[in-house]
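Only one structure is covered here, and it is reproduced in the block below.
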Amino acid sequence: MTDVQSPFEPEFTSKLCEIFEQLISFNQLLGLKVDALAHESARAHVRMRPELIGHYAHNRLHGGVISAALDAMGGLAVMTAIGARHMDEPPAQRLLRFGKLGTIDLRVDYLRPAIGALFRCEAEVLRLGSRVANTRMAFTDEQGRLLATGAAAYIVS
């Protein structure tokens, strides 16, 4: 975690980034890095690497990487919303609230080929209920062109 914009306490921010970037091994494999957290949203990026190529002739990012990144970002946004909802609790206690978080529905629309060196993904929570959270996500290239969108539902309890 380096220079992550966040309205949360440094302890909460650093631990949440550690969970997302390092302890969730698949996110580490993808190379997802958090850029910003907010009360109901999150932004991150992923750099192109040879291991992530889906079409060898066009050097295009694999669609599974895009889908996985959008899903991960939706989950991270839900974590920030849960953290914001319970600001009266100490950071360590809030971090324990993510234990049952899991994807229950995911939809991805691929709009353009993902070709480039750096990709950005962002997610926002549309609704955080007591049992289910709904999100929408976007995946863009360095120039800000929308490459894919996503919508997901997550179980939170």
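The values are calculated or read from the model by the stated rules, or taken from the named source; none is laboratory data. Just so it is clear, the structure is predicted and the values come from calculations on it, not from any experiment. A quick note on method: Cβ atoms are made from the backbone with ideal geometry, for glycine too, and the neighbour counts reach across all protein chains shown. With ligands, DNA and RNA removed, areas are computed over all heavy atoms of the protein, side chains included. Shrake-Rupley method; radii C 1.70, N 1.55, O 1.52, S 1.80 Å.
Go over the candidates ALA69, ALA44 one by one and state the one that is outside any loop (DSSP other than H, G, I, E, B), out of contact with any Lys or Arg (no Cβ under 9 Å at 6 or more places or on another chain), open to solvent by less than 40 Å² (accessible area, probe 1.4 Å) and of a type in the set (A, V, I, L, M, F, W, C). Walk me through how you get there before you give the answer.
Values: ALA44 fails: out of contact with any Lys or Arg (no Cβ under 9 Å at 6 or more places or on another chain).
Only one candidate passes the filter, namely ALA69.
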Residues that are open to solvent by 50 Å² or more (accessible area, probe 1.4 Å): which strands (runs of 3 or more DSSP E) entirely in region 113-157 hold 2 or more of them? 118-128, 132-141
Take PHE12 and decide whether it is modelled with pLDDT of 95 or more, exposed (fewer than 15 other Cβ atoms within 10 Å of the Cβ) and of a type in the set (Phe, Trp, Tyr). no
Determine whether region 74-85 contains at least one residue that is part of a loop (DSSP other than H, G, I, E, B), surrounded by 14 or more Cβ atoms within 10 Å (Cβ to Cβ) and of a type in the set (Gly, Ala, Ser). no
Being touching a Gly at 6+ places or on another chain (Cβ under 9 Å), among the hydroxyl-bearing types (Ser, Thr, Tyr) and modelled with pLDDT of 95 or more, is that true of even one residue in region 72-95? no
Filtered residues of region 130-157 (kept if over 18 Å from ALA38 (Cα atoms) and free of Cβ contacts under 8 Å to residues at least 40 places away in the same chain): SER130, ARG131, VAL132, THR140, ASP141, GLU142, GLN143, GLY144, ARG145, LEU146
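Scan region 100-157 for residues that are of a type in the set (A, V, I, L, M) and within 19 Å of HIS55 (Cβ to Cβ) and jot them down.
Let us first name the residues in region 100-157 that are of a type in the set (A, V, I, L, M), namely 101, 104, 106, 108, 111, 114-115, 117-118, 123, 125-126, 128, 132-133, 137-138, 146-148, 151-153, 155-156.
Across region 100-157, the qualifying residues are VAL108, LEU111, ALA114, ILE115, ALA117, LEU118, LEU147, ALA148.
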